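Enquirer: Mind looking over this structure? Questions follow.
The values are calculated or read from the model by the stated rules, or taken from the named source; none is laboratory data. What you see is a predicted model, and the numbers here were worked out from it, not measured in a lab. All Cβ positions, glycine included, derive from the backbone under ideal geometry; neighbour counts span all protein chains shown. Ligands, DNA and RNA are excluded from the accessible area calculation, which covers all protein heavy atoms including side chains. Shrake-Rupley method; radii C 1.70, N 1.55, O 1.52, S 1.80 Å.
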Amino acid sequence: QVTLVESRGGMVQAGSSLRLSCEAFGRPFSYYHVGWFRQAPGKERELLCAISQSGASTVFADSVKGRFTISRDNSKNMVALQMNTLKPEDTAVYYCAVSRDVSFSVPSSYKSWGQGTQVTVSS
């Protein structure tokens, strides 16, 4: 069993940057592919990006491609989400999650979740 803890989000202005991290406890992070999701009020949870166990492969949703990056440091059991050029529509609760499925770009493959952290982008 793995426990995931996201760093605190925050409130930022449009155009600024914010970095979130996700730390794993209980099992080595290297066991898992890791994804970042978000859920805005009244909307479904959305897979933003994901990174493979080794970090060699990444996938991004069109909504964040070119603005967000994902990276991992398995020696620290940590995955980071760097968010640049933030927009008001990026406002949501952000979650990290893990998958052991080879199809880690499929949202339903993620079985363990962090508690979520609020990111608010003001215009």
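Enquirer: Pairs needed: first member in segment 21-45, free of Cβ contacts under 8 Å to residues at least 60 places away in the same chain and in a loop (DSSP other than H, G, I, E, B); second member anywhere, open to solvent by less than 20 Å² (accessible area, probe 1.4 Å) and among the hydrophobic types (A, V, I, L, M, F, W, C); C-beta distance under 6 Å; at least 6 residues apart or different chains.
Expert: Partner pairs satisfying both residue conditions: GLY26/VAL2; ARG27/VAL2; ALA40/ALA92.
Enquirer: Hey, another quick one. What single numbered condition from (1) acidic (Asp, Glu); (2) open to solvent by 20 Å² or more (accessible area, probe 1.4 Å); (3) in contact (Cβ under 8 Å) with a residue 40 or more places away in the chain fails to hold for ASP90?
Expert: Every listed condition holds for ASP90 apart from (2).
Enquirer: Okay, moving on. Taking GLY55 as meeting all but one of (1) more than 15 Å from LYS111 (Cβ to Cβ); (2) assigned to a strand (DSSP E or B), write down the number of the exception.
Expert: So GLY55 meets the others, but not (2).
Enquirer: Out of segment 1-20, which residues are assigned to a strand (DSSP E or B) and open to solvent by 20 Å² or more (accessible area, probe 1.4 Å)? Give the steps one after another, and end with the answer.
Expert: Let us first name the residues in segment 1-20 that are assigned to a strand (DSSP E or B), namely 3-6, 10-13, 18-20.
If the condition is that a residue be assigned to a strand (DSSP E or B) and open to solvent by 20 Å² or more (accessible area, probe 1.4 Å), then THR3, VAL5, GLY10, MET11, VAL12, GLN13, LEU18, ARG19 are the ones that fit.
Enquirer: Would you confirm whether any residue within segment 60-81 is over 18 Å from SER109 (Cα atoms), under 13 Å from the mean Cα position of the chain (by Cα), open to solvent by less than 50 Å² (accessible area, probe 1.4 Å) and in contact (Cβ under 8 Å) with a residue 60 or more places away in the chain?
Expert: Yes, segment 60-81 contains a residue that is over 18 Å from SER109 (Cα atoms), under 13 Å from the mean Cα position of the chain (by Cα), open to solvent by less than 50 Å² (accessible area, probe 1.4 Å) and in contact (Cβ under 8 Å) with a residue 60 or more places away in the chain.
Enquirer: Just a yes or no: is a residue in segment 96-112 open to solvent by 30 Å² or more (accessible area, probe 1.4 Å), under 22 Å from THR3 (Cα atoms), in contact with a Phe, Trp or Tyr (Cβ under 6 Å, 6 or more places away or on another chain) and not in a loop (DSSP other than H, G, I, E, B)?
Expert: Checked segment 96-112: no residue is open to solvent by 30 Å² or more (accessible area, probe 1.4 Å), under 22 Å from THR3 (Cα atoms), in contact with a Phe, Trp or Tyr (Cβ under 6 Å, 6 or more places away or on another chain) and not in a loop (DSSP other than H, G, I, E, B).
Enquirer: Also: Going through segment 82-107 one residue at a time, which ones are more than 15 Å from the chain's Cα centre (by Cα) and more than 17 Å from SER16 (Cα to Cα)?
Expert: Scanning segment 82-107 gives ARG100, ASP101, VAL102, SER103.
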